[in-house]
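S.K.: Following this message is one structure expressed as structure tokens.
Every number here is computed from the coordinates shown, using simple stated rules; none is lab data. Computed from a predicted model, the values in this text were never measured in an experiment. Here the Cβ positions follow ideal geometry from the backbone for every residue, glycine too, while neighbour counts run over all protein chains shown.
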Amino acid sequence: GAVVSQHPSRVICKSGTSVKIECRSLDFQATTMFWYRQFPKQSLMLMATSNEGSKATYEQGVEKDKFLINHASLTLSTLTVTSAHPEDSSFYICSAPWTETPYNEQFFGPGTRLTVL
Amino acid sequence: AQSVTQLDSQVPVFEEAPVELRCNYSSSVSVYLFWYVQYPNQGLQLLLKYLSGSTLVKGINGFEAEFNKSQTSFHLRKPSVHISDTAEYFCAVSAGNNRKLIWGLGTSLAVNP
């Protein structure tokens, strides 16, 4: 099956700094990737759809300038949390749909736990 | 618009007992249905999916689910659970070509010895 990796798996940063999270599709190309945020004991919240070669599509209520998304290649999307604050602490998960499947099977990265002090 | 309802937020069960995790959805178009499992501090793993055809779908780890169109349900079952099945289970629906998944709020399955 298809594999999606995320890096780093955990990051702790000081308030006001920026953090970059990478999402890579290891053995397939992904023109689209999805970024989710998950609070403890809660479901996944779709933040944005990352599109290779074009601007990301953000869900309602998600600050574009706060969460910068860059889909620079067919295997890499990055999420940068700018000027992070403690309320940005969360579990961030990316996923990529494998276009070989006609349905919407998405492959998920293992997640990145961000803690902002 | 599509929506997903997982009726139970928490399900405690004893080891080797059967379990059913309920999922209902609403959609005006045909959908694909998925169950994912999330172990503590990990990403999501696909348990099983319904695309078309047989309404009884078998997945990994002994789980199965049945698609019931008239009741708009896709309940997940396992005849005998193990301690290792303790995890969060998410039901998800997708429809249309935008590849977005609509998620339920999750059911926390706690298997006790």
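S.K.: Could you give log10 I(q)/I(0) at q = 0.22 Å⁻¹ for chain A, computed by the Debye formula over C-alpha point scatterers of equal weight, without solvent?
M.R.: -1.27
S.K.: Then there's this: If you take each beta carbon of peptide A:43-50 and count the beta carbons of other chains within 10 angstrom, what is the mean?
M.R.: That works out to 4 on average.
S.K.: For the protein assembly as shown, go through all pairs of different Cα atoms, get the mean of 1/r, take its inverse, and jot down that Kirkwood value in Å.
M.R.: About 18.3 Å for the protein assembly as shown.
S.K.: Rank by packing, highest mean first: peptides B:32-45, A:44-57, with packing defined as the count of other Cβ atoms within 10 Å averaged across residues.
M.R.: Output ranking for B:32-45, A:44-57: B:32-45, A:44-57.
S.K.: Now for a separate question. Along the charge dipole of chain A, which of A:106, A:51, A:40 sits closest to the positive end, that is, farthest toward it, with unit charges on the beta carbon of Lys, Arg, Asp and Glu (+1, +1, -1, -1)?
M.R.: Positive-most Cα among the choices belongs to A:40.
S.K.: Still on this structure, please answer the following. What is the mean number of Cβ atoms from other protein chains located within 10 Å of the Cβ atom of each residue in peptide B:34-44, rounded to a whole number?
M.R.: Across the residues of B:34-44, the mean count of other-chain Cβ atoms within 10 Å is 5.
S.K.: Under 17 Å Cα to Cα from residue A:20, which lysines show up? Leave out anything in the same chain fewer than 8 places away.
M.R.: Partners found: A:64, A:66.
S.K.: Per the protein assembly as shown: cysteines with no other Cys C-beta under 4.7 angstrom?
M.R.: A:13
S.K.: Quick one, what does Rg over Rh come out to for segment B:1-88 if you take C-alpha atoms and the Kirkwood Rh?
M.R.: When Rh is taken as the Kirkwood radius, the ratio is 0.96.
S.K.: Related question: How many partner chain Cβ atoms sit within 10 Å of a residue's Cβ in peptide A:27-39, on average, as a whole number?
M.R.: Mean shielding count: 1.
S.K.: Kindly put B:49, B:69 in sequence by how many other C-beta atoms sit within 10 Å of each C-beta, fewest to most.
M.R.: So the ranking, lowest neighbour count to highest, is B:69, B:49.
S.K.: Same structure again: Tell me, what HN-Hα J-couplings in whole Hz come from the Karplus equation 6.51 cos²θ - 1.76 cosθ + 1.60 at θ = phi - 60° for each residue of segment B:5-18, using x for Gly and Pro?
M.R.: 10, 9, 6, 10, 7, 9, 9, x, 8, 8, 4, 6, 7, x
S.K.: Given the options B:29, B:13, B:81, which has the most mean-square fluctuation in a GNM of chain B, springs set between C-alpha atoms less than 10 angstrom apart?
M.R.: Maximum fluctuation in the GNM of chain B, among the listed residues, is at B:29.
S.K.: Report the relative contact order of chain B, percent, no decimals, based on alpha-carbon pairs under 8 angstrom and at least 6 residues apart.
M.R.: The value is 37 percent.
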